[in-house]
Amino acid sequence: MALQIEQFMCRSDNFGVLIHDPESGATASIDAPEEGPVLETLKRKGWTLTHIFVTHHHHDHVEANEALKRAYGAEITGPAFEADRIPGIERQVSGGDSFSFGSDIVEVIDTPGHTAGHVCYYLPRSGVVFTADTLFALGCGRLFERGPEVMLSSLKKLAALPPQTVVYCGHEYTQANARFAVTVDPDNKALAARAREIDALRAEGRPTLPTTIGRELETNPFLRWSDPAIRAHLGMQSASDAEVLAEIRKRKDNF
């Protein structure tokens, strides 16, 4: 049976995500941003939490770790490089590791940049990746703990996934990201159409996620560092990929 995925809002703009394997009954929370919405969603779906897959140590992604562990005895998995900053962690993982979740396999991808040990979780059989704060719809995370060269390497790993891969991110930043994206990629017709679609979704109170790797490759400037039109617009035709990414990130930080 196919993996079931439930997305919901937490805090002010975090996405909570539960994944459920109906055959085994295994249920994982991707990060644990807030106790109440996770508990409410579990109750509504009739699922029992068995795992928490942590992507990085930031408080808005681990706040409910210990409360959910107490409530359900859920096993907490997270990046080994940040283990000392992740409450309740039991299983430490690094890029290249894989483990079973119900009838599926979870592959761990190292994606430092936003934090030094950020990881993403990729389920190739289900065709889905959970990118938290490395890759957003039309954006990427701020470079808090590593520089643009490191983030570039991380984004290249995600960009190399099959284009049909479904992407779940950590925050509802898409509308703000779209408003910025058109300033660095103004002639991208696919981006302009997507920006209109996003405005319509948000006007109706609907989420803009999930997205796909293919759609991000078409419209997300943080994956389009080599695009000639973007480079020309920035006046960076001869710059390195990392320099272009750094300039786009700098502009977004100041937008």
Could you check the spin-label model distance between residue 6 and residue 239? Points 7 Å from the Cα along Cα→Cβ, value in nm.
4.4
In degrees, nearest 10, range 0 to 90: what is the angle between the Cα axis of helix 241-253 and the longest Cα principal axis of the chain?
80
Checking 188, 177, 220 against a Gaussian network model of the chain (alpha-carbon springs below 10 Å), the top fluctuating residue turns out to be 188
From the backbone phi of the stretch 191-202, what are the Karplus-calculated ³J(HN,Hα) couplings (6.51 cos²θ - 1.76 cosθ + 1.60, θ = phi - 60°) in whole Hz, Gly and Pro given as x?
5, 4, 5, 5, 4, 5, 4, 5, 4, 5, 4, 5
Arranged by the count of other C-beta atoms within 10 angstrom, fewest first, what order do 224, 251 take?
251, 224
With a 10 Å cut-off between alpha carbons and a GNM built on the chain, which of 12, 240, 103 moves the most?
12
List the pairs from 156/250; 69/252; 43/157; 69/156 whose alpha-carbon separation is above 25 Å, in the order I gave them.
69/252; 43/157; 69/156
Which angle from 0 to 90°, rounded to the nearest 10, does the C-alpha axis of helix 35-45 make with the longest principal axis of the chain?
70
Could you put 199, 60 in order, starting from the residue whose Cβ has the fewest other Cβ atoms within 10 Å?
199, 60
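Of 120, 169, how do they rank once you tally other Cβ atoms within 10 Å and put the fewest first?
Details: 120 27, 169 30.
Listing 120, 169 from fewest to most nearby Cβ atoms yields 120, 169.
Bear in mind these aren't lab numbers, they're just calculated from the coordinates by the rules spelled out. Since this is a predicted model, take the numbers as computed values, not measurements. In this analysis, Cβ positions are derived from the backbone assuming ideal geometry, glycine residues included, and neighbour counts consider all displayed protein chains.
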